[in-house]
Every structure is written in C-alpha cells, then in structure tokens.
1. Looking at (1) open to solvent by less than 40 Å² (accessible area, probe 1.4 Å); (2) of a type in the set (D, E, K, R); (3) assigned to a loop (DSSP other than H, G, I, E, B), which is the only condition residue 77 fails?
2. Checking residue 130 against (1) touching a residue at least 60 places away in the same chain (Cβ under 8 Å); (2) assigned to a helix (DSSP H, G or I), which single condition isn't satisfied?
3. Looking for whichever is open to solvent by less than 60 Å² (accessible area, probe 1.4 Å) and not charged (D, E, K, R) here; the options are 94, 34. Which one fits?
4. Under 12 Å from the mean Cα position of the chain (by Cα) and either surrounded by fewer than 18 Cβ atoms within 10 Å (Cβ to Cβ) or assigned to a helix (DSSP H, G or I) (or both), is that true of residue 103?
5. Select from the range 106-128 the residues that are modelled with pLDDT under 95 and open to solvent by less than 20 Å² (accessible area, probe 1.4 Å) and list them in ascending order.
6. Which one of these is of a type in the set (Phe, Trp, Tyr) and open to solvent by 40 Å² or more (accessible area, probe 1.4 Å): 40, 87?
7. Is at least one residue of the range 34-41 under 15 Å from the mean Cα position of the chain (by Cα) and not hydroxyl-bearing (Ser, Thr, Tyr)?
8. Out of the residues in the range 43-54 that are under 17 Å from the mean Cα position of the chain (by Cα) and open to solvent by 30 Å² or more (accessible area, probe 1.4 Å), state the one that is nearest to residue 74 (Cα to Cα).
Amino acid sequence: LVIMANFNNTAAPAFTTAQAQQVMTSNSDSVANFFRETSYGQQLMNVTVTPVWLTMNLAKPATCGSADWRGISTAADAAAKAYSAIYDPASYNFVVYVFPPLSACGWSGLAYIGNPHRSWINGTGAFKTTTIAHEM
C-alpha cells in the first residue's frame, strides 16, 4: 500500500496517483520490476496507491524525531482508513508513506520493520525506485 499523505497545513504536491503507480509498477525501472528481476521472478508485487492525497489530522512538523515520523504513519493510517476500508494498512504486508518534504529530516527514506513493514519517503522528489527499493 502506498499512502499519499498530506499535512493539514500544506498544499498537496503536484504528484498524481498515476505517477506513483508508474514508479511502483509500470515504469521499466519500477520498484516491482526491480524486485522481480533481482529475485529471478520469485518476488512479485501487487501495489495499491491511494487515489488522492489524503489530508492527515497533523500539521507539518518542524522537527524530525522518531515521534514525528511515527506520528506521520499514525495520522496517515487514520486518514487512509477513514477514506475507505480498502486502504486499511492492516490489510497489507508493507506500507509506503509519501508526504510533502520535511527539511528537518536528513534522509530521503526511512524504514521500520514491524507489522506491517513500513517506509517513509520524504517528499515526492525522493519517491523513486532507488529510494523505495532500498527502504523495502
């Protein structure tokens, strides 16, 4: 699941669901193609992307501590579930959060191994195969 999550005090980025889906599945260098090729066809991905930027009940943080990025996932999960049960993160093995860039964060991507596995992508400029595949 890819959750496109926007803060409640920022404009939604000019990055579409179709663009996110292309990065994840249909571009020749997509994340799905990367994993399929490197696993000799053993790792296949079924990717769902939220159809719109979901507004979180969270203002853009000024810092980038663990409470901040964990807060993003909590708020994004709630926004996704409120939008539709189809986007309930508990129904997926891996959740990727993309959100407007946070300059306080010194990273492009961050990952956490829990259930489900999660990764945070810091801005649409970092939403690319190399960053996402590394975090996954």
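The values are calculated or read from the model by the stated rules, or taken from the named source; none is laboratory data. Predicted, not measured: the structure shown is a model, and the values here were computed from it. Because the Cβ atoms are built from the backbone with ideal geometry, glycine has one as well, and the counts that use them run over all protein chains shown. Remember, those area values only see protein heavy atoms, side chains included, never the ligands or the DNA or RNA. Shrake-Rupley method; radii C 1.70, N 1.55, O 1.52, S 1.80 Å.
1. (3)
2. It fails just one condition, (1).
3. 94
4. Against the criterion (under 12 Å from the mean Cα position of the chain (by Cα) and either surrounded by fewer than 18 Cβ atoms within 10 Å (Cβ to Cβ) or assigned to a helix (DSSP H, G or I) (or both)), residue 103 does not qualify.
5. 116
6. Residue meeting the stated conditions: 40.
7. Looking through the range 34-41, none of the residues is under 15 Å from the mean Cα position of the chain (by Cα) and not hydroxyl-bearing (Ser, Thr, Tyr).
8. 53
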